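See below for the structure under consideration.
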Amino acid sequence: MNVTFSDAGVLTSALLAYLRNKRALLILDNVEQILDGVDFMVELLRQTAGITLLVTSRALLNLQAEYAWAVTGLPTPSSDQSLSSVTADLLRYSSVALFVARAQRVQRDFQLDHTKQYAISAICRPLHGLPLGIELAAAQLRCLSCDEIQQLVTVNALTVMTAYRDIPLRHRSLTAVLEDSWRLLTAVEQQTLARLSIFQDSFTTAAAVAITGTTPTILTALCDQSLLHYNALQRYLLHETVRQFAAAKLKQVDRAERAATAARHGQYYLALLCDQGRGLQGPTPQAAMTVLQQEICSIEQAWGWAIAQAAADLLMQSALALREFYHCT
């Protein structure tokens, strides 16, 4: 399309007039950066019959005409697969193949072998197969080994960055990417996301509401911004990189606020442990066991909080239930 606009004031009407009778697929990338332009997209769809928009965005447009297609990370091997598989099998995972391809830009003779396969797989997993994260990690081979990159990503993936000049500033680190998404949130959504970083594993709506004071509507909004995920088990999950970012935001708030969030988390899960512990002695112990198995990571985190706080009453109340759970398993 070759169109020249001499007057910015009539750009919208001129563009609509030009496209009105056209048949075309318009591809709009990174639309979360220009959500104010959604009204123009709506008007474009209303005034044209042959125009289809293919939009990529970290945030839903929330249009009736929108068909949402969630894009997940590249497939990654499990820890067992990365130990037992031969290198050729691991290269079938596109996350590993991408890391190797980008590594060869840094080290021309780089090859995947048995000495690197576990570390590379362990780099891709906490990044959840995120292509940008994998590319940034591979770029670190200029000064780090695969094992050192794995340690860096595991401890804090947000520190991984690049100085490549042909990459936009907002894509030179995962922190920059997430800061863009953070700025799109309301103050309440920001507060909720920061508090949700207390969860180190998946969690239910009830747990999120009780511990962070949020609402299902806000949780849905965070899902719409691709910062929170709702899985087939009807549980929410923060990807580890997002959780690390949100935890850093939580550290910036008042210490009393952080302590209160941790206390609500600890008290909630120790109460749940006691309640389901009684269920282990009841007529349907398997139902209680299923709940405890789903929540054991958060329960152990709560137990650790209670120990650190020397909360003897809470520990004594829940100790029998925890012993019974481990005995049954």
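The values are calculated or read from the model by the stated rules, or taken from the named source; none is laboratory data. Every value quoted in this text rests on a predicted model; they were computed, and no experiment measured them. All Cβ positions, glycine included, derive from the backbone under ideal geometry; neighbour counts span all protein chains shown. Ligands, DNA and RNA are excluded from the accessible area calculation, which covers all protein heavy atoms including side chains. Shrake-Rupley method; radii C 1.70, N 1.55, O 1.52, S 1.80 Å.
Does anyone have the angle between helix 94-106 and the longest principal axis of the chain? Alpha-carbon axes, 0 to 90°, nearest 10? Orientation of helix 94-106: about 70 degrees from the principal axis. Computed from Cα atoms, the angle from the helix 187-196 axis to the main principal axis of the chain rounds to 40 degrees. Mean projected area of the Cα convex hull of the stretch 170-284, taken over all directions, amounts to 8.0 nm². Under the criterion of Cα pairs below 8 Å and six or more residues apart, the relative contact order for the chain equals 11 percent. When peptides 283-294, 236-247 are ranked by their average number of other Cβ atoms within 10 Å per residue, the highest-first order is 236-247, 283-294. If I build a Gaussian network model for the chain, linking alpha-carbon pairs within less than 10 angstrom, which residue out of L127, L270, L315 has the largest mean-square fluctuation? Comparing L127, L270, L315 in a Gaussian network model of the chain, the most mobile one is L315. Per-peptide packing, taken as the mean over residues of other Cβ atoms within 10 Å, places 295-307, 132-144 in the sequence 132-144, 295-307 from highest down. Cα-based radius of gyration for the stretch 57-200, normalised by 2.2 N^0.38 Å, reads 1.16. Taking Cα centre as origin and charging only the Cβ of basic (Lys, Arg, +1) and acidic (Asp, Glu, -1) residues, the dipole magnitude of the chain rounds to 380 debye. The modelled label-to-label distance for the pair A187/V71, using points 7 Å beyond Cα in the direction of Cβ, is 3.4 nm.
For the stretch 119-179, with all protein chains in place and a probe radius of 1.4 Å, 58% of the accessible heavy-atom surface sits on carbon or sulfur. Against the main long axis of the alpha-carbon atoms of the chain, helix 146-156 sits at an angle near 80°. Share of carbon and sulfur in the accessible area of the stretch 237-329 stands at 57%, probe radius 1.4 Å. Per residue, the solvent-accessible area of the chain (1.4 Å probe, heavy atoms of protein chains only, all protein chains present) comes to 56 Å².
One compactness figure for the stretch 240-329 is 1.22, namely its Cα radius of gyration divided by 2.2 N^0.38 Å.
For the pair the stretch 301-315 and the stretch 96-145, the centres of their Cα atoms are 40 angstrom apart. Only one item in [x] 24.1, 79; [y] 21.3, 68; [z] 24.4, 88 matches Rg and Dmax of the Cα atoms in Å derived from the coordinates shown, and that item is [x]. The Cβ shell under 15 Å around G50 holds other residues with a net charge of +4, Lys and Arg each +1, Asp and Glu each -1.
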